[in-house]
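Worksheet: one structure, shown below.
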Amino acid sequence: MRANPIRRGQFSVAAAAVIAVALLVVSAYLYSTQLVFVETRTPVVREVVAAVTADFKRALASMLSLATRCYFNYTEYCDLCSKFVSEGLDFSNRHNMTAARAIAITFLNNWLRAQLDAFSGYGMRINFSLIEVQLQSDRPYRVIPANPRYGLMKCYWYYPDSVSAAAAKLRLDMLRGGFYGWEVDVIVSLSLDLNPDVEMPEGVEPYELYTGPVTIEFRVLQDSQPYSSLFSKGRLRIYYASWSDGRVRWIMVRPSDYLDLEYLGNGLYRVTFKAVNTRWMYVGNLTTVPLAVVVEDERGIIVESISYTYTSFYVAKRTPSRVCHLPEYSDSWECIEKPVETREEVYTLELTWNLTLFWLGRQLPSVGANVSPPIPLIPIKQLRVNTTLDGTLESLAERPVQYEVWKRVSWPPTVPLSDRLWLWVPAGLADLTMDYNESVRLVFQVKFPRRDVEKQYVAIWWYDDLDTEPPDCRHNPLYCGDIRFYDPPNDPEDLYHDLRHPACWLELLDPNHTKARNYLDAGGERYDYHGVAAVVVHDPETDYSFGPWNFYAVGKYLGRYLGWYRPRGYWQVFHRYRGRPVYEEIEAPIRIIALLNTSEVGNVYKSGDVRNDLYDTLILLQVVNGTNYVPAKVYVYWRRGVSSADGDLSKGLWFSTLMGGGFPERFMYLKYLENVSRVRSYDDPSPAEII
């Protein structure tokens with residue numbers, strides 16, 4: 001019997017309905033299970049994510065604290081900084097943001113592993129990456145880049161508005177929590193905006209010494225939000241310039257010198273302190289007091305601001321455009337006009353701590369002293385120099401600068417203190433990791449290319465980026481010069497010990513290099529100077545030897561016109577910077593100085609004829625880029641007199657001789673301060689009584 005088709009259809013519908021109901025029941029059960037899971041797991045996930053993010057921010061802040069503290073004052077925070085010496089943050093790297101950045105990345109990677117261990121039960125996946133962050137819209141260059149060389153942390157200091165910041169993107173998955181794709185940009189920062197326009201009290205004139213209250217205002221933001229806890233949780237340091245006895249010093253305000261501390265709201269502070277012997281000065285259109293403000297928050301992050309961004313002055317030419325002299329056997333004066341083009345009139349100047357200028361060891365007179373703020377106490381690698389070329393501000397541009405260290409010594413050390421001279425002598429090119437201080441001199445050149453140019457402007461300024469590296473010819477052609485010290489290590493015949501200049505090569509002779517190349521005796525052998533310190537002049541194109549330059553000699557050797565005793569000692573050559581190994585490869589861009597400081601004398605004609613009882617000698621010899629002269633400053637101190645009882649020792653005195661196939665025939669004597677000269681020959685009597 002065949003089944004009824006209608007009944008079969010009813011059965012199919014009923015079966016489908018039963019299956020549908022079953023599916024609905026299962027779906028509802030599964031849905032309710034999922035709801036229960038989310039309800040029970042979400043608060044835990046949320047708490048874990050919040051805790052991990054907050055801890056990452058603390059870790060990032062701690063690394064920014066390490067970088068800024070060690071950069072600001074490694075010695076003060078030595079207990080902290082020295083813990084990372086093995087990772088490269090030693091004293092020589094105190095101003096090295098790259099070293100601090102590498103430590104921070106290592107630390108954060110260790111932090112990641114610690115988080116994985118702490119939350120292993122959640123199936124956590126976590127990492128961070130570098131991101132680009134614009135720190136200030138009004139200074140577009142102030143960016144934390146997303147590259148490993150300069151990313152993660154950036155600090156821009158030493159301007160009125162300064163900032164320290166660190167940033168990274170945190171990514172987080174929790175597999176067992178069903179939580180995926182969480183990412184957040186984590187940024188920590190501390191910014192300081194100092195109002196550089198400091199109000200002068202009534203009755204005070206610019207540039208005059210002032211002792212009394214000074215009021216400044218500044219705004220502090222922590223993570224871009226107003227920071228109101230500076231006085232309670234943070235730390236404030238203020239330094240100001242103080243003048244005394246012709247010197248300027250940076251004085252830190254003592255706690256007892258704060259007269260008023262006021263928080264005005266919205267991150268704005270007003271501070272009044274007592275200053276001693278400071279000055280208000282014009283810098284551009286602003287009237288300011290030279291000061292630096294350093295702020296540190298409770299996380300240990302530091303930022304430093306300075307109330308100005310440059311200091312400037314001008315150099316006036318005082319050389320005459322017309323020189324008159326009285327020719328020999330004439331009663332008529334003749335005058336020589338300086339040519340219109342004077343491209344060789346280049347002055348290599350040294351700027352000291354007090355903004356005092358020296359040229360060839362002579363202090364230049366200052367007009368209107370104390371009208372420029374001093375150079376602040378910042379790393380010397382930040383400092384740059386601009387000068388004009390034609391006397392107009394339109395030609396103001398960056399020029400090469402050299403950082404040197406000088407020291408004041410009592411010389412010679414072999415005599416009683418009451419008989420000594422106080423002299424400034426070079427101690428070498430600077431350690432490029434050091435801060436600017438009283439021993440540092442900034443060396444730069446001022447050119448007067450035309451006769452009508454009588455004044456050139458100079459501006460000393462500084463970079464605010466703490467990643468700034470010192471200027472180097474390898475990266476900036478502006479710092480490539482034509483001078484060098486050539487003393488190759490692979491020189492088996494000991495041929496070279498040269499100061500090289502486009503105009504001449506100067507071979508330095510001393511006990512380490514006694515024989516000059518291409519200067520031969522009668523037997524065709526290299527002449528042996530037996531340790532006497534002298535210079536052999538060579539043609540830079542052919543290396544032809546013109547002969548020796550002898551700086552000083554006393555006595556006639558063997559009764560002939562031969563200088564007997566001459567300075568004997570070792571040349572110190574200052575041609576490379578000091579500091580980190582990479583800095584020690586940077587050559588001097590402006591000048592190389594060779595220093596001789598000795599109490600010995602020797603005989604070039606006889607080996608072993610050495611004495612140390614006659615005189616002391618100090619010589620500063622320079623080769624200067626962009627010039628056609630070689631200056632040498634010579635000091636000689638006689639420790640004993642000579643008389644006829646000394647025989648030939650008393651019969652000759654040579655102040656300077658330079659052999660070159662001939663002898664000088666005439667000298668020109670310049671009458672002091674009168675632009676009047678007289679030409680005399682060697683055979684004439686002394687001109688002292690005539691002019």
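Coordinate-derived values only; no laboratory data. Being a predicted model, the structure only gives us computed values, none of them experimental. In this analysis, Cβ positions are derived from the backbone assuming ideal geometry, glycine residues included, and neighbour counts consider all displayed protein chains.
Taking only the C-alpha atoms, wrap a convex hull around the stretch 318-473 and report its volume per residue in Å³ as a whole number. It would help to have the intermediate numbers written out before the result.
Working: hull volume 32.1 nm³, N = 156.
So the per-residue hull volume is 206 Å³.
With viscosity set to 1.567 mPa s at 4 °C, what whole-number translational diffusion coefficient in µm²/s follows for the stretch 442-497 from Stokes-Einstein and a Kirkwood radius over Cα pairs? Could the numbers behind the result be given before it?
Working: Rh = 16.0 Å.
Rounded, D is 81 µm²/s.
Taking the Cα atoms of the stretch 393-507, what is the range of coordinates along each of the three principal axes, in descending order and whole Å?
52, 46, 41
How big is the convex hull of the Cα atoms of the stretch 233-385, per residue, in Å³? Numbers along the way, then the final one.
Working: hull volume 29.0 nm³, N = 153.
Cα convex hull per residue, to the nearest whole number: 189 Å³.
Placing unit charges on C-beta atoms (Lys and Arg positive, Asp and Glu negative, everything else neutral), compute the dipole magnitude of the stretch 54-161 about its Cα centre in debye, rounded to 20.
Values: 12 positive and 9 negative charges, 39 e Å.
Roughly 180 debye for the stretch 54-161.
Measure up Lys57/Lys169; Lys381/Lys455; Lys317/Lys381; Lys515/Lys633 against 18 Å on the Cα-Cα distance and list the ones that go over.
Working: Lys57/Lys169 10 Å; Lys381/Lys455 28 Å; Lys317/Lys381 29 Å; Lys515/Lys633 24 Å.
Correct reply: Lys381/Lys455; Lys317/Lys381; Lys515/Lys633.
Determine the calculated [θ] at 222 nm for the chain from helices alone, applying -39500 (n - 2.57) to every DSSP H run no shorter than 4 residues and normalising by the residue count; nearest 500 deg cm²/dmol.
Working: 3 runs with 94 residues, N = 691.
Helix contribution divided over all residues of the chain: -5000 deg cm²/dmol.
Which value, in debye to the nearest 20, gives the size of the charge dipole of the stretch 181-275 about its Cα centre, when Lys and Arg are +1 and Asp and Glu are -1 at the Cβ? Could the numbers behind the result be given before it?
Working: 9 positive and 14 negative charges, 105 e Å.
Here the stretch 181-275 has a charge dipole of around 500 debye.
Using the 4.7 Å Cβ rule, please list in number order the cysteines from the chain without any candidate partner.
Cys78, Cys155, Cys504
Work out, in µm²/s and without decimals, the Stokes-Einstein translational diffusion coefficient of the stretch 484-660 at 20 °C, 1.002 mPa s, Rh from Kirkwood over C-alpha pairs.
Using the Kirkwood radius from Cα pairs, D works out to 125 µm²/s.
Hand me the trypsin sites (Lys or Arg not before Pro) from the stretch 255-320 located in a DSSP loop with no more than 14 other Cβ atoms within 10 Å, in residue order please.
Counting only loop positions with at most 14 other Cβ atoms within 10 Å, the trypsin sites (Lys or Arg not before Pro) in the stretch 255-320 are Arg318.
Counting residues in the stretch 236-301 as N, plug N into 2.2 N^0.38 Å and put the Cα Rg over that result. Don't skip to the answer; put the middle values down first.
Details: Rg = 13.7 Å, N = 66, 2.2 N^0.38 = 10.8 Å.
Rounded to two decimals, the normalised Rg is 1.27.
Give the shape of the stretch 621-663 as rounded, prolate or oblate, defined through the alpha-carbon gyration tensor: a ≥ b ≥ c are the square roots of its eigenvalues, a/c under 1.5 means rounded, and otherwise the shape is prolate if a/b is larger than b/c and oblate if not.
Numbers: a/c = 6.93, a/b = 1.96, b/c = 3.53.
Verdict is oblate for the stretch 621-663.
Based on the Cβ-Cβ distance of Leu478 and Asn109, what FRET efficiency does E = 1/(1 + (r/R0)^6) give at R0 = 45 Å, to the nearest 0.05?
Details: r = 39 Å, r/R0 = 0.87.
That gives a FRET efficiency of 0.70.
Multiply the residue separation of Tyr207 and Thr542 by 0.36 nm, subtract the distance between their alpha-carbon atoms, and state the gained length in nm to one decimal. Let's see the in-between values first.
Details: separation 335, 0.36 × 335 = 120.60 nm, distance 5.69 nm.
Extra length available between Tyr207 and Thr542 comes to 114.9 nm.
Suppose each label sits 7 Å from its Cα in the direction of the beta carbon; what would the Val634-Tyr314 distance come out to in nanometres?
Taking the simple label geometry, Val634 and Tyr314 are separated by 4.0 nm.
Going by a ≥ b ≥ c, the root eigenvalues of the Cα gyration tensor, does the stretch 70-176 fall in the rounded group (a/c under 1.5), the prolate group (a/b larger than b/c) or the oblate group?
Numbers: a/c = 2.87, a/b = 1.34, b/c = 2.14.
Oblate.
What is the helix-to-structure angle for 5-72, meaning the angle in degrees between its Cα long axis and the longest Cα principal axis of the chain, kept from 0 to 90 and rounded to the nearest 10?
Value to nearest ten degrees: 20.
With just the Cα atoms of the stretch 447-579, tell me how far they stretch along each of the three principal axes, in Å, largest first.
64, 43, 28
Where the centroid of each part is defined by its Cα atoms, how far is the stretch 38-108 from the stretch 560-611 in Å?
A separation of 48 Å, based on Cα centres.
For Ala50 and Ser129, FRET efficiency with R0 = 25 Å and r from the beta-carbon atoms, rounded to 0.05?
Details: r = 20 Å, r/R0 = 0.81.
Efficiency for this residue pair is about 0.80.
Kindly give the semi-axes, whole Å and largest first, of the ellipsoid equivalent to the chain, taking each as the square root of 5 times a Cα gyration tensor eigenvalue. Don't skip to the end; give the middle numbers.
Working: eigenvalues 1041, 212, 110 Å².
Result for the chain: semi-axes of 72, 33, 23 Å.
Working from Cα positions, state the angle (0 to 90°, nearest 10) between the long axis of helix 97-118 and the longest principal axis of the chain.
So the helix axis and the longest Cα principal axis differ by about 20 degrees.
Give the distance, in whole Å, between the Cα centre of the stretch 319-358 and the Cα centre of the stretch 638-658.
Comparing the Cα centres of the stretch 319-358 and the stretch 638-658, I get a distance of 34 Å.
Taking +1 at the Cβ of each Lys and Arg and -1 at the Cβ of each Asp and Glu, which of Ser86, Thr342, Val532 sits farthest along the dipole of the chain towards its positive end, judged by Cα position relative to the Cα centre?
Ranked along the dipole, the leading option is Ser86.
Please compute the alpha carbon radius of gyration of the stretch 580-631, then divide it by the globular-protein estimate 2.2 N^0.38 Å. Two decimals is fine. Spell out each step's value before the answer.
On the way: Rg = 16.6 Å, N = 52, 2.2 N^0.38 = 9.9 Å.
Its radius of gyration relative to the 2.2 N^0.38 Å reference: 1.68.
What's the ranking of 162-174, 132-144, 96-108, 415-427 by average number of surrounding C-beta atoms within 10 Å, highest first? The partial results should precede the final answer.
Values: 162-174: 22.4, 132-144: 14.2, 96-108: 19.5, 415-427: 12.5.
Top of the packing list down: 162-174, 96-108, 132-144, 415-427.
Spin-label point model (7 Å from Cα, Cβ direction): what's the Ser332 to Arg235 distance in nm?
7.9
Once all Cα-Cα distances of the stretch 170-220 are split into 10 Å bins that start at 0, what whole-number percent is in each one?
Reading the bins upward from 0: 17, 24, 15, 11, 11, 11, 9, 2.
Semi-axes of the stretch 195-308's equivalent ellipsoid from the Cα gyration tensor, sqrt of 5 times each eigenvalue, largest first, rounded to whole Å?
Working: eigenvalues 131, 43, 33 Å².
They are 26, 15, 13 Å, listed largest first.
If you average the C-alpha positions of the stretch 499-549 and of the stretch 214-258 separately, how far apart do those two centres end up, in angstrom?
If we compute the Cα centre of each part, the gap is 58 Å.
What is the magnitude of the charge dipole of the chain about its Cα centre, with +1 placed on the Cβ of each Lys and Arg, -1 on the Cβ of each Asp and Glu, and no other charges, expressed in debye to the nearest 20?
Using Cβ point charges on Lys, Arg, Asp and Glu, the chain gives about 2240 debye.
Quick one: if you stick a label point 7 Å off each Cα along the C-beta vector at Ser366 and Leu558, how many nm between them?
5.6
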